[in-house]
Amino acid sequence: MELNGEQLIAAPIPEVWKGLNDIDVLAKSIPGCEEISRIAPEEIHAKVMFKIGPVRARFAGKLLLSDIVPDQSCSMAFEGSGGAAGFAKGKSRVELKPSEGGTLVCYTTEASIGGKLGQIGGRLISASAKKIADDFFQRFAAELGGEILPLEGSPVKE
Amino acid sequence: MKAAAFDYVKPESLTEALGLLAEAGEDARLIAGGQTLLATLNMRLSEPSILIDITNLSELKGIKLDGKCLRIGALVTHTEIEDSDLIAKHAPLLKAAVPHIAHRAIRNLGTWGGSLAYGDPAAEWPACSLTLDATMIIHGPSGERKVAAKDFFIDLYTTSLASDDILVATEIPVSDGAQVFCFQELARRHGDYAVAGLAAVAQKQGDVLTQCKFTFFSVGATPVMAFKAQALIDGKKLNEQLISDAVKVARAEIETIADLTNSAEAKQHLVGVLLERALKQMIA
Amino acid sequence: MSLKKKITLTVNGVEVTAEVEPRMHLVDFLREELHLKGPHLGCEQGACGACTVKVDGQIIRGCLYLAVQANGSVVETVEGLTKSGALADLQESFMRHNAMQCGFCSSGMLLAASELVEQQPKASREEVREWISGNYCRCTGYHAIVDAIVAVLDARAKGQKIKPVVANA
């Protein structure tokens with residue numbers, strides 16, 4: 001499953017970069033985040049409760065950061081186990097670009113979801129992942145005191 | 001596979017149910033028909049500590065006509081909707097939709113309220129409730145509130161219901177004689193999740209439709225109405241050209257998203273197919 | 001957290017009292033506690049129909065119904081409905097049309113068919129096919145099952161019986 005996107009956040013790049021690396025900001029931004037801790041400078045562990053439709057699956061996950069260029073970009077490898085529900089594995093790349101109004105956060109993600117979640121939860125996996133990513137950025141922007149700005153050319157939601 | 005262990009309680013009143021829900025918080029799940037919930041629990045995709053069985057709550061039962069308003073309780077089953085004379089007379093769109101919902105054994109237990117509360121994009125009732133201008137009646141810790149269907153379905157599997165709310169009933173304004181309806185659903189096999197669907201009503205005078213309500217489902221994250229297509233054909237004589245124009249407009253205005261088996265482009269194409277079929281059927 | 005609950009229900013005409021874990025679904029209760037092996041488990045998701053039983057007169061998925069929910073209810077399985085004769089013409093017709101091979105789906109098929117002949121006595125072949133599309137069969141290819149049900153609808157409409165396949169049955 002691929003998930004690529006862009007979000008325009010009304011905050012300057014250094015603040016956005018700082019926020020993405022701040023465990024406390026992440027704790028409040030990740031929907032359903034129950035626990036999060038930095039084990040090493042480039043390793044984060046987290047427990048997240050995913051709520052999508054009837055599914056309530058608690059994932060224990062690991063995030064490994066690499067290719068870190070401060071205020072610019074980094075790569076992430078992640079894996080999570082949802083117990084009986086299934087597992088998720090993937091990698092992501094995040095790039096910050098200056099933009100009018102703030103910072104453009106560009107992300108690309110490749111993930112595979114296995115186990116039962118992948119089989120019967122799989123029907124709307126891409127739409128669900130997109131929603132989780134959208135929710136994350138809404139909360140993240142709110143944490144930074146900024147907001148999500150509409151991208152030029154994107155349809156205005158009624 | 002078997003569900004993980006949980007406790008079970010069956011409150012006698014709405015107040016008691018709301019109290020239990022507030023107390024147990026995120027660890028509780030409400031069970032009504034259970035046709036989605038129990039499948040989820042059997043697969044251990046959810047492991048609540050307690051199930052709160054709301055099937056005894058009288059406020060959630062029954063189909064009543066109250067003046068110009070049809071009240072459908074959240075606990076009304078799909079089969080009850082199919083068999084109801086009141087529904088056949090005042091909301092025939094719903095009766096037409098029922099046979100598309102899963103299979104009989106599931107319809108005998110599954111509920112109107114359950115389908116609305118989950119807000120599955122492929123579900124029939126959310127789309128029908130939008131088309132019929134339903135108002136949801138919700139009870140929570142701070143009392144009763146009403147939410148129009150158009151404000152109720154917010155995002156993928158996301159409705160206005162908070163985790164301590166209970167959907168009690170919906171109110172639907174009654175249709176009068178000149179209303180025509182059309183329910184279309186495409187699925188790979190009978191009873192499967194919809195690939196694309198349309199719940200449509202309008203007032204008809206000859207081959208002119210007014211007050212059109214076209215809600216597409218299983219094409220986006222929520223049911224979506226084709227406002228521009230509705231406006232285009234409102235009050236005009238429906239000929240081949242106008243139908244073709246409406247199809248183009250609908251395909252352009254509805255943002256489709258892919259699911260596991262169908263691309264966004266396929267869904268976009270089907271939006272037009274369903275609208276054309278519905279329009280031709282409604283003026284026939 | 002396995003606090004058991006006491007339930008009392010009628011199963012195939014007999015009153016039963018038991019203590020069950022809330023998570024035990026009705027078919028597991030019927031099979032494991034009451035040793036009624038008629039209803040089968042296929043998918044435990046409600047899709048295959050092998051678990052279909054009757055509760056308070058209507059067919060339901062036994063895997064999507066908890067034993068605790070059946071407290072105070074009337075439950076009927078293929079065993080009870082055979083004994084009462086309610087399925088007699090359907091069963092004869094199934095035999096006559098070779099509508100069973102391994103038999104795994106048959107209990108569910110008979111239960112589903114029994115509600116069809118009650119609710120839609122004028123069902124067409126197409127409507128029969130739609131009705132039983134919630135019951136999966138891996139052996140027969142379905143046509144024989146549809147033939148058997150259509151034969152019962154025809155016979156009932158004419159006030160006739162299905163001729164028994166086995167004499168002195």
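Quick notes on this structure:
- For peptide B:31-43, the mean count of partner chain Cβ atoms within 10 Å of a residue's Cβ comes to 6.
- Cα gyration tensor category, rounded, prolate or oblate, for segment C:87-157 with a/c compared to 1.5: prolate
- Least to most buried among C:Cys139, C:Cys102 (fewest other Cβ within 10 Å first): C:Cys102, C:Cys139
- Here B:Lys68 is the anchor, and the lysines within straight C-alpha reach of less than 27 Å, apart from those fewer than 8 places off in the same chain, are B:Lys89, B:Lys95, B:Lys146, B:Lys150, B:Lys204, B:Lys213.
- Angle between chain B longest axis and helix B:264-283 axis [Cα atoms, degrees, rounded to 10]: 70
- A P(r) calculated from all alpha carbon pairs of the protein assembly as shown, with 20 Å bins opening at zero, reads 18, 48, 30, 5, 0 percent.
- Plainly put, chain C has a radius of gyration that is 1.00 times its Kirkwood radius, both from alpha-carbon atoms, as the Rg/Rh ratio.
- For segment B:103-112, 3J(HN,Hα) computed residue by residue from phi via the Karplus equation (6.51, -1.76, 1.60; θ = phi - 60°) reads 9, 3, 4, 6, 5, 5, 10, x, 10, 3 Hz, glycine and proline entered as x.
- Degrees, to the nearest 10: C:106-119 long Cα axis against longest axis of chain C: 70
- Three-way shape call for segment B:136-284 based on the alpha-carbon gyration tensor, with the a/c threshold at 1.5: oblate
- With a threshold of 20 Å on the Cα-Cα distance, the over-threshold entries among C:Lys122/C:Lys161; C:Lys5/C:Lys37; A:Lys130/B:Lys228 are C:Lys5/C:Lys37; A:Lys130/B:Lys228.
- Three-way shape call for segment B:179-221 based on the alpha-carbon gyration tensor, with the a/c threshold at 1.5: prolate
- Among C:Gly72, C:Gly38, C:Gly159: highest mean-square fluctuation, GNM of chain C, C-alpha pairs under 10 Å: C:Gly159
- In the elastic network of chain A, a GNM with C-alpha springs shorter than 10 Å, the most mobile of A:Val105, A:Val48, A:Val69 is A:Val69.
- Per residue, the convex hull volume that the Cα atoms of segment B:212-279 enclose (Å³): 70
- Per-residue HN-Hα couplings for segment A:38-49 [Karplus 6.51, -1.76, 1.60; θ = phi - 60°; Hz; x = Gly/Pro]: 9, 7, 8, x, 10, 9, 10, 10, 8, 10, 10, 9
- Beta-bridge orientation, the protein assembly as shown: approximately 95 percent antiparallel, per DSSP, counting only bridges with both partners inside.
- Residue by residue along B:108-115, Cβ atoms of other protein chains within 10 Å of the local Cβ number 3 on average.
- For chain A, the longest principal axis of the C-alpha atoms and the axis of helix A:125-143 are separated by about 40°.
- Net charge dipole, segment B:100-154: roughly 120 debye, given to the nearest 20, about the Cα centre with Cβ charges of +1 for Lys and Arg and -1 for Asp and Glu.
- Chain C, dipole about Cα centre (Lys/Arg Cβ +1, Asp/Glu Cβ -1), debye to the nearest 20: 240
- Among B:Thr77, B:Thr158, B:Thr135, residue whose mean-square fluctuation peaks in a GNM of chain B (springs only between Cα atoms under 10 Å): B:Thr158
- The mean count of C-beta atoms from other chains within 10 Å of the C-beta of residues in B:137-150, rounded to a whole number, is 0.
- Couplings 3J(HN,Hα) of segment C:134-149, computed from phi: x, 10, 8, 10, 9, 9, 7, x, 6, 4, 5, 5, 4, 3, 4, 6 Hz, in residue order, whole Hz [Karplus 6.51 cos²θ - 1.76 cosθ + 1.60, θ = phi - 60°; x for Gly and Pro].
- Among B:Gln241, C:Gly80, A:Ala141 the positive-end extreme of the charge dipole of the protein assembly as shown (Cβ point charges): C:Gly80
Rule-based calculations on the coordinates, nothing more; no lab input. This structure is a prediction, so every number in the text was calculated from the model and none was measured. Here the Cβ is made from the backbone with ideal geometry for all residues, glycine too, and neighbour counts use every protein chain on show.
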